[in-house]
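What follows is a single structure, written as structure tokens, with notes after it.
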Amino acid sequence: MTIKSTRILGGRLIDPANGIDRVCDLYIHNGRVASLDEPPQGLEIQHTIDASGQIVCPGLVDLSARMREPGQEHIATIASETAAAARAGITTLCCPPDTDPVIDTPAVVTLLLRRAKRPARARLLPIGALTQQLEGEHLSEMVALKRAGCVAMSNAYAPLANTLVERRALEYAATFGITAILRPEDRHLRNYGYVHEGPVSARLGLPGIPEAAESVAVARDLALAEHTGCRIHFHLLSSGTAARMIEQAQQQRLNVTANVAAHQLHLTEMDIEEFDSNCHLNPPLRSLADREALRQALARGVIGAICSDHQPLKADAKEAPFPSTVTGISGLQTLLPLTLKLVDEGVLSLSDALARVTCGPASILGLPYGRLDVGSPADICIYDPARHWELKRESLPDNGANTPFIGWEFQGRVTHTLLEGRVVYQSDSQP
């Protein structure tokens with residue numbers, strides 16, 4: 001019987017999960033990795049991609065990307081955002097539960113997964129709500145959500161009513177082996193702040209959010225994680241103190257992990273000096289010392305993943321005075337280039353950097369993606385490491401212009417993205 005497949009020819013294959021970094025051919029059959037170097041016996045090549053001089057790596061896994069669908073299709077849709085993800089080399093997207101309706105019932109999970117099958121440019125994985133309607137009071141039916149297809153539970157940015165509710169939620173999750181994703185912030189310490197509390201906020205006259213708003217919440221969450229035995233994942237760290245506390249907990253064998261948004265590794269409170277509303281973010285951009293501490297924690301593996309925290313907004317969402325603008329950044333298009341920039345700056349090796357956006361986030365949620373084992377799904381990103389490019393406003397859709405990185409120059413551009421062996425993106429300028 002004739003076997004038809006795809007061959008990716010002559011690329012530098014980097015698969016951090018398996019410690020592979022060499023020039024070789026990769027063969028795909030029936031949407032899965034068939035072999036490296038030599039084709040399986042009887043293989044007939046249907047399609048060849050010449051990857052000479054390029055990097056071939058697993059498709060990126062993003063732990064936090066909002067599609068705005070269902071409920072806010074006037075801003076963005078699953079089709080538009082999965083297409084953007086494919087252009088960025090991202091093949092798996094985790095969708096937080098703060099959609100409309102909230103992802104707190106199996107029916108909403110089914111709706112989301114059904115809609116995600118139509119565009120099929122990237123895999124969409126829902127994260128269920130910890131509490132009903134994200135109101136922080138009554139627990140959701142987590143087991144039913146997990147069975148319906150949710151990969152973890154979170155309350156997104158919404159606070160829980162009190163520590164007793166959090167304890168009950170973590171106990172429930174621990175009983176059924178569910179990962180709880182927590183955005184650590186003490187809402188009382190945050191008060192009505194907009195930016196990091198420090199000399200810049202004082203100079204600009206903007207109410208600040210102290211670093212303690214995060215570190216106090218981390219201390220509380222770690223105590224409850226130890227008490228309940230729940231596996232918890234800290235989402236969007238922004239402070240060095242919190243990173244150090246999590247490292248100590250990991251050394252004590254507590255089952256905790258963490259991620260950081262790509263922009264937190266490059267920007268600081270100083271970037272709001274001109275009241276740039278594109279830097280109005282949650283959590284806020286913090287001090288240079290915090291940024292360096294996050295980078296060090298990333299290098300040591302304390303922080304296991306980098307995410308985009310993608311939040312497309314309406315075109316006018318950033319056009320009011322700074323405190324009145326909507327928080328959020330459009331991050332899909334800069335996830336890979338900002339990660340690669342850490343390599344250029346000597347923070348991470350190339351293999352470690354790619355691990356933080358492939359097998360790292362996948363392993364946090366126990367997903368079988370972000371790796372290129374023989375037999376694994378052929379989710380692949382191919383990028384040209386020598387290609388320089390500039391992020392330009394005219395290249396972005398209106399709902400993707402809420403980024404402070406317009407005008408930045410990057411090196412390394414995606415030329416192909418494959419999802420389960422299918423080419424879902426190919427650069428028009430590919431030679």
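The helices (runs of 4 or more DSSP H) found entirely in the range 212-303 that carry 3 or more residues being within 24 Å of E166 (Cα to Cα) and among the hydrophobic types (A, V, I, L, M, F, W, C) are 212-228, 240-251. Restricting the range 1-51 to residues that are outside any strand (DSSP E or B) and among the aliphatic types (A, V, I, L, M) leaves a set whose member that is farthest from the chain's Cα centre (by Cα) is M1. Scanning the range 190-210 for residues that are open to solvent by 30 Å² or more (accessible area, probe 1.4 Å) and under 19 Å from L160 (Cβ atoms) yields R190, N191.
Conditions first: (1) open to solvent by 50 Å² or more (accessible area, probe 1.4 Å); (2) assigned to a helix (DSSP H, G or I); (3) over 14 Å from T228 (Cβ atoms); (4) not acidic (D, E). Y157 passes all but one, so which condition is the exception? (2) is the only condition that Y157 fails. For the range 325-339, indicate whether the set of residues that are open to solvent by 50 Å² or more (accessible area, probe 1.4 Å) and without any contact (Cβ under 8 Å) to a residue 40 or more places away in the chain is non-empty. Checked against the condition, which is being open to solvent by 50 Å² or more (accessible area, probe 1.4 Å) and without any contact (Cβ under 8 Å) to a residue 40 or more places away in the chain, the range 325-339 yields no hits at all.
Residues that are of a type in the set (S, T, N, Q), free of Cβ contacts under 8 Å to residues at least 24 places away in the same chain and on the phi > 0 side of the Ramachandran plot do occur in the range 183-192, at least one of them.
Taking the range 390-427 as the range and being assigned to a strand (DSSP E or B), within 30 Å of Y27 (Cβ to Cβ) and not hydroxyl-bearing (S, T, Y) as the test, the residues that pass are Q411, G412, R413, V414, H416, L418, L419, R422, V423, V424, Q426. How many residues are open to solvent by 20 Å² or more (accessible area, probe 1.4 Å) and either without any contact (Cβ under 8 Å) to a residue 24 or more places away in the chain or in contact with a Cys (Cβ under 6 Å, 6 or more places away or on another chain) (or both) if we restrict to the range 2-18? Number satisfying all stated conditions: 2. Quick one: which of D309, D290 is at positive phi and either open to solvent by less than 20 Å² (accessible area, probe 1.4 Å) or hydroxyl-bearing (S, T, Y) (or both)? Of the residues listed, the single one that is at positive phi and either open to solvent by less than 20 Å² (accessible area, probe 1.4 Å) or hydroxyl-bearing (S, T, Y) (or both) is D309. Contact annotation: residue pairs with Cβ atoms under 8 Å, 6 or more positions apart or on different chains, pairing a residue in the range 33-51 that is under 18 Å from R12 (Cβ atoms) with a partner that is open to solvent by 40 Å² or more (accessible area, probe 1.4 Å) and among the acidic types (D, E), are V33/D373. Candidates are the residues of the range 374-426 that are among the aromatic types (F, W, Y) and more than 20 Å from T77 (Cα to Cα); the one that is farthest from the chain's Cα centre (by Cα) is W389. Filtered by the rule that a residue be charged (D, E, K, R) and in a strand (DSSP E or B), the range 345-386 gives a lone residue, D384. I'd like to check something: does the range 66-79 contain any residue that is touching a Ser or Thr at 6+ places or on another chain (Cβ under 6 Å) and under 23 Å from G360 (Cα atoms)? No, the conditions are met nowhere in the range 66-79. Restricting attention to the range 79-98, which residues are part of a helix (DSSP H, G or I), of a type in the set (A, V, I, L, M) and crowded, with 24+ Cβ neighbours inside 10 Å? Correct list: A84, A85, A86.
Could you tell me whether A122 is closer than 30 Å to L418 by Cβ, within 19 Å of the chain's Cα centre (by Cα) and small (G, A, S)? The answer is yes for A122. Examine the range 190-202 for a residue that is more than 18 Å from T268 (Cβ to Cβ) and not in a loop (DSSP other than H, G, I, E, B), and state whether such a residue exists. Checked the range 190-202: at least one residue is more than 18 Å from T268 (Cβ to Cβ) and not in a loop (DSSP other than H, G, I, E, B).
Considering the conditions (1) at pLDDT 95 or above; (2) open to solvent by 10 Å² or more (accessible area, probe 1.4 Å); (3) touching a Leu at 6+ places or on another chain (Cβ under 8 Å); (4) within 21 Å of A86 (Cβ to Cβ), P368 is excluded by exactly one of them, (3). If you go through the range 137-150 and keep only what is surrounded by fewer than 20 Cβ atoms within 10 Å (Cβ to Cβ) and either part of a loop (DSSP other than H, G, I, E, B) or of a type in the set (G, A, S) (or both), you end up with E137, H138, E141, A144, A148, G149.
So that you can scan it fast, the table gives a plain yes or no per residue for (1) in contact with an Asp or Glu (Cβ under 8 Å, 6 or more places away or on another chain); (2) more than 25 Å from G304 (Cβ to Cβ):
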residue	(1), (2)
S5	yes, yes
G10	yes, yes
P16	yes, no
G19	no, no
R22	no, no
I28	no, yes
R32	yes, yes
L36	yes, yes
P40	no, yes
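Of the residues making up the range 167-189, those that are in contact with a strand residue (DSSP E or B) (Cβ under 8 Å, 6 or more places away or on another chain), part of a helix (DSSP H, G or I) and open to solvent by less than 40 Å² (accessible area, probe 1.4 Å) are A169, L170, A173.
The values are calculated or read from the model by the stated rules, or taken from the named source; none is laboratory data. Predicted model only: the values in this text are computed from it and were never measured. Using ideal geometry, Cβ is built from the backbone for each residue, glycine included, and neighbour counts are taken over all protein chains shown. Surface areas here come from the heavy atoms of the whole protein model, side chains and all, with no ligands, DNA or RNA. Shrake-Rupley method; radii C 1.70, N 1.55, O 1.52, S 1.80 Å.
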